[in-house]
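Data block below; observations after.
The values are calculated or read from the model by the stated rules, or taken from the named source; none is laboratory data. Nothing here was measured: the structure is a model prediction, and the numbers come from that model. A quick note on method: Cβ atoms are made from the backbone with ideal geometry, for glycine too, and the neighbour counts reach across all protein chains shown. Surface accessibility is based on the protein's heavy atoms, side chains included, excluding ligands, DNA and RNA. Shrake-Rupley method; radii C 1.70, N 1.55, O 1.52, S 1.80 Å.
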Amino acid sequence: MVAPNTALRAVRTGMRMSQDDFARALQAAGHRVGEPNDANKRLVQRWESGAIAAPRPVYARALEVVTGLPISLLGFDAVPGGHVADDEHGGHDLTSPVSSLATPTPTSKPTTTAHQSYEGVWLSRYQYYSSGRGDSFAGQHFVVLLQHGDRLTARSLPGSASSSLSLDLTVDGAVVTGTWVEQTDPTGYYRGARYHGAIQLIAEPTGRRMAGKWIGFGKDMDVNTGPWELVFRDASTSKTTLDRYNTSAT
């Protein structure tokens, strides 16, 4: 009997997306990274039902972009087994759709500049002033950072803090720019409020630290700013590694 993929379904519902919404997000992600795909509601249903044990690489990359999580945490088998392939036409595609570019031809376009890899586990740490409490505080999370070309996505490990944090970033040389969203602790001071804003960081040449500033609105609807840094911890995004860091970052 095929076991349903409850992990993927939990992630999708946690993002408050229907299966149609999720499929459209996967298509949009594919276009952003230059790998268009044909994700649809039926495909998402087959993943969640367990009829497909593992997605093809083009879908795996889109899933990572949309969820901000490594494919190893989305409930799929590490290696495709005997289930029907997800291309609706049978057969398994175990190679990357860009692998055909490995052998250049006279008409090939010049390859783009390789991006430094920032993928792995990072410690996210920011500071903010609470006008209601008249003091400054620090927010800390362990985040798993995934990279697709010049785009970075970071999602906090749930056990590292009582709030959840996500970052969507773009790398331009040493400059890292993007947005952040934090869902605060429902039982904490901010009672589950959702805050969001912009962020810009400068990556050190070592690639092991990024530091800069955040900007965002506060509890009193004023615009605030403060320091933010990401400090590298581990290059692995395996389940074993993530389990090790899924603990309080304070």
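If only one of Ser108, Ser100, Ser163 is modelled with pLDDT of 90 or more and either over 23 Å from Thr206 (Cα atoms) or open to solvent by 80 Å² or more (accessible area, probe 1.4 Å) (or both), which one is it? Even if it seems obvious, please write down each step before you answer.
Values: Ser108 fails: modelled with pLDDT of 90 or more; Ser100 fails: modelled with pLDDT of 90 or more.
Being modelled with pLDDT of 90 or more and either over 23 Å from Thr206 (Cα atoms) or open to solvent by 80 Å² or more (accessible area, probe 1.4 Å) (or both) holds for just one of Ser108, Ser100, Ser163, which is Ser163.
Taking only the stretch 218-231 into account, find how many residues are within 23 Å of the chain's Cα centre (by Cα) and open to solvent by 50 Å² or more (accessible area, probe 1.4 Å). Give the steps one after another, and end with the answer.
First pass over the stretch 218-231, keeping only residues within 23 Å of the chain's Cα centre (by Cα): 227-231.
After this cut, where a residue has to be open to solvent by 50 Å² or more (accessible area, probe 1.4 Å) as well, the list is 227.
Of the residues in that region, 1 qualify.
Counting only residues that are in contact with an Asp or Glu (Cβ under 8 Å, 6 or more places away or on another chain) and polar (S, T, N, Q), how many does the stretch 7-33 have? Explain how you work it out, then say what you get.
In the first step, residues of the stretch 7-33 are kept if they are in contact with an Asp or Glu (Cβ under 8 Å, 6 or more places away or on another chain); the result is 8-9, 12, 19, 27.
Next, only the ones that are polar (S, T, N, Q) stay: 19, 27.
Total meeting the criteria: 2.
Enumerate the strands (runs of 3 or more DSSP E) found wholly within the stretch 141-250, keeping only those where 1 or more residues are in contact (Cβ under 8 Å) with a residue 12 or more places away in the chain and more than 25 Å from Glu64 (Cα to Cα).
On the way: elements: 151-156, 164-172, 175-183, 194-203, 209-217, 223-234.
Result: 209-217, 223-234.
One residue is enough: does the stretch 40-53 have a residue meeting the conditions at pLDDT 50 or above and in contact with a strand residue (DSSP E or B) (Cβ under 9 Å, 6 or more places away or on another chain)? It would help to see each step written out before you state the result.
Within the stretch 40-53, the first condition is being at pLDDT 50 or above, and the residues that meet it are 40-53.
So of that shortlist, the ones also in contact with a strand residue (DSSP E or B) (Cβ under 9 Å, 6 or more places away or on another chain) come out as none.
Scanning the stretch 40-53, I find no residue that is at pLDDT 50 or above and in contact with a strand residue (DSSP E or B) (Cβ under 9 Å, 6 or more places away or on another chain), so the answer is no.
Would you confirm whether any residue within the stretch 26-45 is within 17 Å of Leu74 (Cα to Cα), open to solvent by 20 Å² or more (accessible area, probe 1.4 Å) and in contact (Cβ under 8 Å) with a residue 40 or more places away in the chain?
No, every residue in the stretch 26-45 fails to be within 17 Å of Leu74 (Cα to Cα), open to solvent by 20 Å² or more (accessible area, probe 1.4 Å) and in contact (Cβ under 8 Å) with a residue 40 or more places away in the chain.
For Pro205, work out the one condition from (1) surrounded by 12 or more Cβ atoms within 10 Å (Cβ to Cβ); (2) within 22 Å of Ser117 (Cα to Cα); (3) of a type outside the set (Ser, Thr, Tyr) it doesn't fulfil.
The single condition Pro205 does not satisfy is (1).
Could you tell me whether any residue of the stretch 118-134 is open to solvent by 20 Å² or more (accessible area, probe 1.4 Å) and without any contact (Cβ under 8 Å) to a residue 40 or more places away in the chain?
yes
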